[in-house]
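Reading through the structure tokens given below for one structure.
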Amino acid sequence: MAPAWRAAPLPKAHCAAAAAIEATATEPWTEAQLLQELDAPAGRLFGLYAGETLCGAAVFQLAADEASLESVTIAPEHRGKGAGRALLTHALATLKVEGAALCFLEVRAHNAPALALYAALGFESVGRRKNFYKNPPEDALVMRAEL
């Protein structure tokens, strides 16, 4: 049974825990990068919690009416349990309330679980960036959703 997820803006005090979760990704954000993004006017960070435990984090930028998903990482033990969907559903709804009409993201071209999640959330592929990722090298698909 999946935990009762709670998504909320990520406070500065949880950036170290978010960085530890990010460290499980192929191109992780550091705590310093998360803190810097949190302080940026366009930065929006969200955390996903099971009780008081941080289980995932998402980093967005919001400029005018466009949001951009920069990173989403779920702790390995919570992957495949609906955590990513819960986190992104909350974040996208919040960004819409803040005025976002569109959201863009890049995703590894061969990341089938992420592609399926993004498609279920209404994202469509609108382009490809050759050799966008470096670790390991891979193309990125550019996806877009209307909010």
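The values are calculated or read from the model by the stated rules, or taken from the named source; none is laboratory data. Just so you know, these numbers come straight off a predicted model, no measurement behind them. We place every Cβ from the backbone using ideal geometry, glycine too, and count neighbours over all the protein chains shown. Please note that ligands, DNA and RNA were not included when accessible areas were found on the heavy atoms of the full protein model with its side chains. Shrake-Rupley method; radii C 1.70, N 1.55, O 1.52, S 1.80 Å.
Please state which of the following conditions LYS134 fails to meet, knowing it meets all the rest: (1) modelled with pLDDT under 95; (2) of a type in the set (D, E, K, R); (3) closer than 13 Å to LEU69 by Cα.
Just one mismatch for LYS134, condition (3).
If you scan the range 1-44, which residues turn out to be part of a strand (DSSP E or B) and either under 16 Å from ALA75 (Cα atoms) or open to solvent by 50 Å² or more (accessible area, probe 1.4 Å) (or both)?
Within the range 1-44, TRP5, ARG6, ALA7, PRO9, ARG44 qualify.
I'd like the full set of residues that are more than 19 Å from ALA13 (Cα to Cα) and in contact (Cβ under 8 Å) with a residue 40 or more places away in the chain, limited to the range 35-69.
Answer for the range 35-69, where residues must be more than 19 Å from ALA13 (Cα to Cα) and in contact (Cβ under 8 Å) with a residue 40 or more places away in the chain: just ALA67.
I need the full set of residues from the range 72-105 which are part of a strand (DSSP E or B) and under 19 Å from ALA119 (Cβ atoms), in order please.
VAL72, ILE74, LEU102, CYS103, PHE104, LEU105, listed by residue number.
Can you give me the number of residues within the range 46-87 that are open to solvent by less than 10 Å² (accessible area, probe 1.4 Å), among the hydroxyl-bearing types (Ser, Thr, Tyr) and more than 17 Å from ALA19 (Cα to Cα)?
Counting residues in the range 46-87 that are open to solvent by less than 10 Å² (accessible area, probe 1.4 Å), among the hydroxyl-bearing types (Ser, Thr, Tyr) and more than 17 Å from ALA19 (Cα to Cα) gives 0.
How many residues are of a type in the set (S, T, N, Q) and modelled with pLDDT under 95 when one looks only at the range 1-28?
1
Just name the residue that is farthest from PRO76 (Cα to Cα) out of those in the range 106-141 that are open to solvent by less than 60 Å² (accessible area, probe 1.4 Å), out of contact with any Asp or Glu (no Cβ under 8 Å at 6 or more places or on another chain) and part of a strand (DSSP E or B).
The selected residue is GLY127.
In the list ALA64, ALA8, which residue meets the criterion of being in contact with a Gly (Cβ under 7 Å, 6 or more places away or on another chain) and within 19 Å of VAL97 (Cα to Cα)?
None of the other options fit; the residue is ALA8.
Looking at the range 84-129, which of its residues are free of Cβ contacts under 8 Å to residues at least 24 places away in the same chain and of a type in the set (D, E, K, R)?
GLU124, ARG128, ARG129
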